[in-house]
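Chemist: Quick one: the structure is below, and I'll ask about it shortly.
Every number here is computed from the coordinates shown, using simple stated rules; none is lab data. Given the structure is predicted, the values throughout are model-derived calculations rather than measurements. Cβ sites come from the backbone with ideal geometry, for glycine too, and all protein chains shown count toward neighbours.
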Amino acid sequence: MTVCFSDTGEVQFLDNNPAKMFLTYRNEKTGQTHEQNQWVLYTDYANLVILYACESVLADGSCDPDNSYIWILSKKTSLTEEEAKLAQVTANSVCIQTLNTLSHKDPCPEPSL
């Protein structure tokens, strides 16, 4: 599946820790506003970042597994075998077993005014 994200939002850093963020963004296409905690679980500071996102917190303070996501952001169009294994192990560490791929290879088209 190929998608194009063109959203606007705001990031607040949590606990004075740049690896923990609270993101509020508006999907310009649907008009929906989303809020989620995001944590940087891994970065090589050059090509790869693995983010954990929690969009819904349960009463006990844990993340709702139906609203938990892993975002794998890469400067390349595909992951090496080693990076793919690292992504899966990292996802498993936060109880996410299945990774689904969304291709985002091309820049989003410029919005029309």
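Chemist: Is any residue of the range 46-66 close enough, with backbone N under 16 Å, to a label point placed 7 angstrom from the Cα of Leu79 along the Cα-Cβ axis, and if so, which?
Modeler: The answer is 46-53.
Chemist: Over what distance in Å are the Cα centres of the range 41-59 and the range 62-79 separated?
Modeler: Centre-to-centre distance over Cα atoms comes out at 7 Å.
Chemist: Another question, then. Using 0.36 nm times the number of residues separating Asp66 and Asn17, minus their current alpha carbon distance, what extension gain do you get?
Modeler: 15.1 nm
Chemist: Using a Cα-Cα cut-off of under 13 Å, which aspartates and glutamates could be cross-linked to Lys75, ignoring same-chain neighbours fewer than 8 residues away?
Modeler: Asp44, Glu83, Asp106
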